[in-house]
Amino acid sequence: ITDAWAASELFDKRAGIYSSRPRMLVFAELGAGQDNLLNMYTTTPEQRDRWRVHRKLIHYAVGIQSVRRYRDFQNNESRVVAYDLLKAPDDYVKHFERYATSVVSIIAFGRRVENWDDPIITEVIAMMHLAADLNVPGKKFPMLMETFPFLARFPNEIAPWKYGLGKKRAFHFFYALADEAVKKGDHDDSFVSYLFKERPKYNLREVEISSLTGNLFGAGSDTSSSTLITFVLACCAFPEAVRPAWEELDRVVGPNRSPTWEDEDNLPYVKAFVKEVLRWRSVAIIGGQPHAPTQDDYYKGWLIPKGAWIQGNVWAIHHNEREFPDPDRFNPYRFLPGHPDSRPFPGEKGYMTFGWGRRVCTGQALAEQGTWITVTRILWGFNIQRKIGADGKPIEVDIFNYT
């Protein structure tokens, strides 16, 4: 689906039909399987009931209402990012990854990530990189198994194309962290404490607790840090887009304090700037996992069969000249209502970065909230520029040579 209006019609307005998943040999069957909210089918009443249980549990942690109670420590962690950038600007990627992982770790386990060497970061980033490799059709050789499933029958020892899939490394890692956090009993308000309390009620197994905890990191760690790296690229490539943000911040916030949540409604350009970061180089370029209809459906005369693999193409949607003229130019004015550069777009947000319908990213509210305060604070406190080369001139950045 490469059109915003078609995606809205099928995935949002017909969400009840397009809420299931197709068969995914690589990502699901060799990966986390049906114990993971991300992969669950919803074609039978039993599957829908289990999916709703997982969705309800994850909403307790990162639902729209829940994330407001995380504002204090999200704000504090973003201050640490600013301080780290002052001390070691060259390590900005590590600072962003520590920040994003720490926020989610506090929510999940009640445990801060103080430095980049923490094993949580290493494991989470490795897991997310593998997931990204296995989630884009054609990107890595393992996806060939979707076309030729017999290749999956070979033992890992003689099948390097399987990437070691099936070992469930992440399952053991996240459950061990959850079990340790609960046994310590220091943070009764953490997500894992809640899961262990609800365990008898919902008959949660170890693998489900692990997948729910892991999904929390998947929804809010690597994705959030990647968005902040995109923000840095945008500042370097399009400095003219930064100046109106400075002017607005100087006028509303001033030099004697850094921005707070209360400033958001008074910073419309900065708010638009953050939206443009999410649109310009979206993290999940194909909209995350594929959808599948639970019944045969028709769209504009075309049959979409039950169980078909339906993929949202976020890159194409966000780079359609009709909605986003000159789409590779970073232009926050697209998101200022009434501005000449603004175009009609389905949905109130103006972008489809986090997916659609009942399968929308569970961490959307957390990611948007954290991205706003961090981007706003960095815009307020820093002048991000391209590196100066040996000849004394700024080194050009290639916005197309970027993953």
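Straight-line cross-link partners of residue 13 among the aspartates and glutamates, defined as a Cα under 15 Å from its Cα and at least 8 positions apart when in the same chain: 3, 297, 348. Shown in residue order for the stretch 192-199 are the 3J(HN,Hα) couplings computed by the Karplus curve 6.51 cos²θ - 1.76 cosθ + 1.60 at θ = phi - 60°: 5, 4, 4, 4, 5, 5, 7, 4 Hz (x for Gly and Pro). Largest mean-square fluctuation among 326, 296, 391, in a Gaussian network model of the chain whose springs join Cα atoms under 10 Å apart, belongs to 391.
One decimal place: the segment residue 52-residue 71 gains 4.2 nm when fully extended, by the rule 0.36 nm per residue minus the C-alpha distance.
Lys/Arg Cβ at +1, Asp/Glu Cβ at -1, dipole of the stretch 307-403 taken about the Cα centre: which of 346, 330, 395 is farthest positive-ward? The one lying farthest along the dipole's positive direction is 346. Between the beta carbons of residue 202 and residue 385, assuming R0 = 56 Å, the FRET efficiency works out to 0.60 to the nearest 0.05.
Computed with a 1.4 Å probe over protein heavy atoms only, the accessible surface of the chain comes to 48 Å² per residue. Is the shape of the stretch 293-403 rounded, prolate or oblate, going by the alpha carbon gyration tensor and its root eigenvalues a ≥ b ≥ c, with a/c under 1.5 for rounded and a/b larger than b/c for prolate? Note, shape of the stretch 293-403 comes out prolate.
In this model, which of 162/275; 94/271; 56/306; 201/271; 184/349 are farther than 32 Å apart at the alpha-carbon? Pairs exceeding 32 Å: 162/275; 201/271; 184/349. Ranking 281, 343 by solvent-accessible area of protein heavy atoms (1.4 Å probe, all protein chains present), from largest to smallest, gives 343, 281. Applying the Karplus relation 6.51 cos²θ - 1.76 cosθ + 1.60 with θ = phi - 60° to the stretch 344-351 yields 3J(HN,Hα) values of x, 8, x, x, 7, 6, x, 8 Hz, where x marks Gly and Pro. Accessible surface of the chain, 1.4 Å probe: 54 percent of it comes from carbon and sulfur atoms.
For residue 311 and residue 247, the difference between the fully extended length at 0.36 nm per residue and the C-alpha to C-alpha distance is 19.0 nm. The alpha carbon gyration tensor of the stretch 31-116 gives principal lengths a ≥ b ≥ c with a/c of 1.5 or higher and a/b greater than b/c, which makes the shape prolate.
The values are calculated or read from the model by the stated rules, or taken from the named source; none is laboratory data. In this text, all values refer to a predicted model and were calculated from it rather than measured experimentally. No Cβ is skipped: glycine too gets one built from the backbone with ideal geometry, and neighbour counts run over all protein chains shown. Accessible surface areas use protein heavy atoms only, side chains included; no ligands, DNA or RNA. Shrake-Rupley method; radii C 1.70, N 1.55, O 1.52, S 1.80 Å.
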